[in-house]
């Protein structure tokens, strides 16, 4: 069954996602060599569209795809059996409880297990999709995930344009030009506030390198 799921994932990205990204979205990719190809590592990116995850995963070679694990909201992606199967088995998400009721000591257990297995996590520290190409305040969850792990690199990525390609609440894909700007891995901060400030500043810097930004 595992081999079958990986085969379906490979075919889905090879025949659907990568051609869609190549044909419909005009990608301006900068810093691709900075993208981690091996784990344990974490990619942190801004979040404006469900396409964010697909575009990020499409940057990896197909044979690496099963090692890239987006961390996503359990209440949304597991809300029905079909979506849960697709999200867990084909996209390979790690579902995260965001209701605030989860035990903080076990909240990131599956994330740590994935990192221990040498996987690459994709996290969106804004927490949810915001308005197209507008940055929301960052949450501290990423810091709490990596604070005791000296083996994990954290690579920032800013995407611009995807919020207009598939905005929140819309189901129609619109062809647009999109920036994907990958930064160098950031240093580990001593506390959550410093980490959030450091990441916010890095996102702002990367945003300035986008050629599609509106202002």
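The values are calculated or read from the model by the stated rules, or taken from the named source; none is laboratory data. The structure presented is a predicted model; accordingly, all values stated were derived computationally and were not measured. Don't worry about glycine lacking a Cβ; one is built from the backbone with ideal geometry, like all the others, and counts go over all protein chains shown.
Considering 46, 117, which residue is in contact with a helix residue (DSSP H, G or I) (Cβ under 8 Å, 6 or more places away or on another chain) and within 25 Å of residue 185 (Cα to Cα)? Spell out the reasoning first.
Numbers: 117 fails: in contact with a helix residue (DSSP H, G or I) (Cβ under 8 Å, 6 or more places away or on another chain).
Exactly one residue qualifies, and that residue is 46.
Here's a check for you: in the range 62-102, which residue that is in a helix (DSSP H, G or I) and closer than 20 Å to residue 31 by Cα is farthest from the chain's Cα centre (by Cα)?
62
Could you list, in sequence order, all residues of the range 194-203 that are without any contact (Cβ under 8 Å) to a residue 24 or more places away in the chain and surrounded by fewer than 16 Cβ atoms within 10 Å (Cβ to Cβ)?
Across the range 194-203, the qualifying residues are 194, 197, 201.
Could you list, in sequence order, all residues of the range 11-28 that are part of a helix (DSSP H, G or I) and either in contact (Cβ under 8 Å) with a residue 24 or more places away in the chain or closer than 17 Å to residue 159 by Cα (or both)?
Residues satisfying the conditions are 12, 13, 14, 17, 18, 20, 21, 22, 24.
State the number of residues belonging to the range 30-46 that are in a loop (DSSP other than H, G, I, E, B) and farther than 18 Å from residue 211 by Cα.
Adding up the residues that qualify gives 6.
Okay, residues lined up against (1) in contact with a helix residue (DSSP H, G or I) (Cβ under 9 Å, 6 or more places away or on another chain); (2) modelled with pLDDT of 85 or more; (3) in a loop (DSSP other than H, G, I, E, B); (4) surrounded by fewer than 20 Cβ atoms within 10 Å (Cβ to Cβ):
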| position | (1), (2), (3), (4) |
| --- | --- |
| 142 | yes, yes, no, no |
| 150 | no, yes, yes, yes |
| 154 | yes, yes, no, no |
| 170 | no, no, yes, yes |
| 185 | yes, yes, yes, yes |
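Can you find a residue that is part of a strand (DSSP E or B), at pLDDT below 90, within 23 Å of residue 141 (Cα to Cα) and touching a helix residue (DSSP H, G or I) at 6+ places or on another chain (Cβ under 9 Å) anywhere in the range 49-61?
no
Can you tell me which condition residue 27 does not meet? The list is (1) touching a helix residue (DSSP H, G or I) at 6+ places or on another chain (Cβ under 9 Å); (2) within 23 Å of residue 211 (Cα to Cα); (3) surrounded by fewer than 21 Cβ atoms within 10 Å (Cβ to Cβ); (4) modelled with pLDDT of 90 or more, and all the others hold.
Condition (4) is where residue 27 drops out.
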